[in-house]
Each structure stands twice: as C-alpha cells, then as structure tokens.
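J.: There's a structure below that I have some questions on.
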Amino acid sequence: MNDLETSVRELRATAAAGMNAVELALLSREKLGPAFGAVSFVAVFRQAFGIPLPVLQRAQAWERFGWGDTHISDEEFCALLSPWMARSRPPGG
C-alpha cells in the first residue's frame, strides 16, 4: 500500500469519527509531508469521499494551502466539503 492509499483509509476512518474537513486536510498534509500538494489533495479527498472534481478545485483556494491569489476561509472550506464528510459518518454519528 502506498502513502496515498494509506491516507485515504485514514481519512475515511477519521471522518467517520467526526473530524471536519479542515482537520482532515491538516491530517492529510501531516501524513503526506512534502508529497502533499494540489494533486495529492485532490486525489486523496476524491478517493476517500467521492467529492466531485469541481468542488475539490474550488477547495484548493483554502487559505491554509496558500495556492493562488483567491482564498477561502476555514469555514468556507468546511461548508464546501461538509456534504461529503457527512456521508462518511455512520447514522447518528
């Protein structure tokens, strides 16, 4: 199993435990280290949660990534991704 596959499994398990999108992105960055970037973010979150590519492309504007000129806040990042995070949680969780 490679680092991306490991990250996908960890993100799914952690999301099911109730972590939000910001916490999951930071965890992914921590786990992948220097390999974490625009492509790995999209790959991991798409595989882990089935988030559509246009949504992930918008999420790349998150202020903590520091990519590009347009930035979205932690709150906007969570709101953007939360529909898919909620699907990963068991009912009542």
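The values are calculated or read from the model by the stated rules, or taken from the named source; none is laboratory data. Just so we're clear, the structure is a prediction, and the values are computed from it rather than from any experiment. Using ideal geometry, Cβ is built from the backbone for each residue, glycine included, and neighbour counts are taken over all protein chains shown. Only protein heavy atoms, including side chains, enter the accessible area calculation; ligands, DNA and RNA are left aside. Shrake-Rupley method; radii C 1.70, N 1.55, O 1.52, S 1.80 Å.
J.: Show the residue pairs that are 6+ apart or on different chains and have beta-carbon atoms under 7 Å apart, the first residue being within the range 65-78 and of a type in the set (Phe, Trp, Tyr), the second being at pLDDT below 85 and surrounded by 10 or more Cβ atoms within 10 Å (Cβ to Cβ).
T.: From the range 65-78, the pairs are Trp67/Ala38.
J.: Output the number of residues of the range 1-44 satisfying the condition of being within 15 Å of Ala79 (Cα to Cα) and either part of a helix (DSSP H, G or I) or aliphatic (A, V, I, L, M) (or both).
T.: At the first step, the residues of the range 1-44 found to be within 15 Å of Ala79 (Cα to Cα) are 15, 18-25.
Checking the rest, the ones that are also either part of a helix (DSSP H, G or I) or aliphatic (A, V, I, L, M) (or both) come to 15, 19, 21-25.
Qualifying residue count, the range 1-44: 7.
J.: Could you please find all residues in the range 8-36 being buried (at least 16 other Cβ atoms within 10 Å of the Cβ), closer than 16 Å to Phe65 by Cβ and small (Gly, Ala, Ser)?
T.: Selection gives Ala21, Ala25, Ser28.
J.: Can you name every residue in the range 1-42 that is of a type in the set (S, T, N, Q) and in contact with a Cys (Cβ under 9 Å, 6 or more places away or on another chain)? Step through it out loud before you land on a result.
T.: Our first condition is that a residue be of a type in the set (S, T, N, Q); within the range 1-42, this holds for 2, 6-7, 14, 20, 28, 40.
Listed by number, the list holds a single entry, Asn20.
J.: Sticking with this structure for a sec: Identify all residues within the range 63-82 that are among the polar types (S, T, N, Q) and open to solvent by less than 80 Å² (accessible area, probe 1.4 Å); write none if there are none.
T.: We begin by selecting, within the range 63-82, every residue among the polar types (S, T, N, Q); these are 70, 73, 82.
Within the range 63-82, Ser73, Ser82 meet the criteria.
J.: On to the next question. Which number in (1) surrounded by fewer than 19 Cβ atoms within 10 Å (Cβ to Cβ); (2) at pLDDT below 90; (3) assigned to a helix (DSSP H, G or I) marks the one condition that Gln57 misses?
T.: That leaves (2) as the condition not met.
J.: Checking Gly50 against (1) more than 14 Å from Trp84 (Cα to Cα); (2) open to solvent by less than 80 Å² (accessible area, probe 1.4 Å); (3) not aliphatic (A, V, I, L, M), only one condition comes out false. Which one?
T.: Among (1) more than 14 Å from Trp84 (Cα to Cα); (2) open to solvent by less than 80 Å² (accessible area, probe 1.4 Å); (3) not aliphatic (A, V, I, L, M), Gly50 violates only (1).
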